[in-house]
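The values are calculated or read from the model by the stated rules, or taken from the named source; none is laboratory data. Note that the structure is predicted; figures quoted are calculated from it, not measured. Neighbour counts run over all protein chains shown; Cβ positions are idealised from the backbone, glycine included. With ligands, DNA and RNA removed, areas are computed over all heavy atoms of the protein, side chains included. Shrake-Rupley method; radii C 1.70, N 1.55, O 1.52, S 1.80 Å.
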Amino acid sequence: MKYYNNKTPNPNEYVYINGLGFENNPAAVKQRQLIKSYSCILGISIILLYILRMTLGGLLYNFAYMFPIDPVSRNIIINVFDSLAYAITFMLPFILYGTGLGMPMSVAMPFKKPDKKLLAIVGMAMGCSVISVASSKMLISILEFMGVHSAEVNPNIPTDIIGVISFVIKSVIMAAFVEEIVFRGFLLQSLRRFGDQFAILISAIIFAIIHANIYQFTTAFIMGLVLGFSVIVTGSLWTGIIIHALHNTYLVALGYAEMGLPDTCYKIILFSVGIVFITGFVVSLINLARKSDYIFDLKIQKDSFTIGQKTRIYFSTFSMIIVIVFSVIQTLKNIYLV
């Protein structure tokens, strides 16, 4: 190669090889650098998310008490501020993440009409929803048998009308939109350049880690895989929003049923709903298999690394290690032994 003005070539484009001088970087070197840069930017974004989670909600809560208003009006304002803090906490860091990567909004948020596989995909996903909840309950039983308990297993569910409405809006509607835009939008779509399977896996792991709750980890991870797959095969973020909203509706309904119904009645309803969803899962799976021979064929990037190697590279950056350590600490804070 030629050297102009005796300038050292860009180290991101060239590598010095003894006996050869500066040569074009091998593909593996470039890809490793690219994966690490994506991971680093995401790690910084999640750290910002944690900072906002710890500060913004409290600031808005205190702000609501600055005004001399009646308790009912203050309760409404607090719920509005809580939802606003939730949306900002998740959306702002990932908008900055997408901006840092130079992602067009049309790529980060593919809000187009889902294809004709939507109904079957939703049916299959809701079957997986039952499986994910069952896996979480199984984990809870195993850990409690070992003497490990968590303060977040049975969160306080509001019973007053304002609290119920706010809880449903935030847990079902807002969570579906905000978390799908964040995890199946900005995150999943940005990683598809490294292969769809890798993108689904990483987005599901991050989705589970951010919950910072050992009892929600299995549910979040399984549903993260399902949601990522569903968005990719239908080509639309609307698919993820619909499935996420239905899944959270199922969880909210289970929470209120467990709280308000006798144990035997609750278990009968839980079993009956599970049978219906699993039946829908089987029927949907058969329908998808009959209509498409390639429904489960995802884009596999033919490159220098396997999915496992790319995953190890992705989680080896300093900022991502900080995220993992902080998430583990937050998880352990809510666990106690008896």
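Of note:
- Rg/Rg_ref, the chain, where Rg_ref = 2.2 N^0.38 Å and atoms are Cα: 1.14
- Taking the centroid of alpha carbons for each part, the range 219-253 and the range 27-103 are 21 Å apart.
- Here the Karplus relation 6.51 cos²θ - 1.76 cosθ + 1.60, evaluated at θ = phi - 60°, turns the backbone of the range 309-326 into coupling constants of 5, 5, 5, 4, 4, 4, 9, 9, 6, 4, 5, 6, 4, 4, 4, 5, 4, 5 Hz, with x for every Gly and Pro.
- Rolling a 1.4 angstrom probe over the protein heavy atoms with all chains in place gives the chain an accessible area of 54 Å² per residue.
- Once the C-beta distance of Asn62 and Val325 is scaled by a Förster radius of 22 Å, the resulting FRET efficiency is 0.15 to the nearest 0.05.
- When each of Lys30/Lys112; Lys36/Lys333; Lys112/Lys170; Lys137/Lys333 is checked by Cα-Cα distance, pairs over 27 Å: Lys30/Lys112; Lys36/Lys333
- Theoretical ellipticity at 222 nm over the chain - DSSP helices of four or more residues, -39500 (n - 2.57) apiece, nearest 500: -23000 deg cm²/dmol
- Taking trypsin sites (Lys or Arg not before Pro) in DSSP loop conformation with at most 12 other Cβ atoms inside 10 Å as exposed sites, the chain has its longest uninterrupted site-free stretch at 117-301.
- Highest-fluctuation residue, Ser37, Ser106, Ser135 considered, GNM on the chain with Cα pairs under 10 Å: Ser106
- Kirkwood Rh and Cα Rg combined as Rg over Rh, evaluated for the range 116-186: 1.07
- Surface composition of the chain: carbon and sulfur atoms hold 68% of the protein heavy-atom accessible area at a 1.4 Å probe.
- Linear extension gain, Ile268 paired with Leu92, 0.36 nm per residue minus alpha-carbon span: 59.1 nm
- Phi-derived couplings, Karplus 6.51 cos²θ - 1.76 cosθ + 1.60 at θ = phi - 60°, listed residue by residue for the range 168-183: 5, 4, 6, 6, 9, 7, 5, 4, 4, 6, 5, 6, 6, 4, 6, 8 Hz, with x used for Gly and Pro.
- Averaging 1/r over each pair of different alpha-carbon atoms in the range 195-335 and inverting the result gives 17.7 Å, the Kirkwood hydrodynamic radius.
- Anisotropy class of the range 65-155 from Cα gyration tensor, a/c 1.5 cut: oblate
- If you plug the beta carbon distance of Ile76 and Ala253 into 1/(1 + (r/R0)^6) with R0 = 25 Å, you get a FRET efficiency near 0.55.
- Simple point charges give the picture: +1 on the Cβ of Lys and Arg, -1 on the Cβ of Asp and Glu, and for the chain a dipole about the Cα centre of about 1080 debye.
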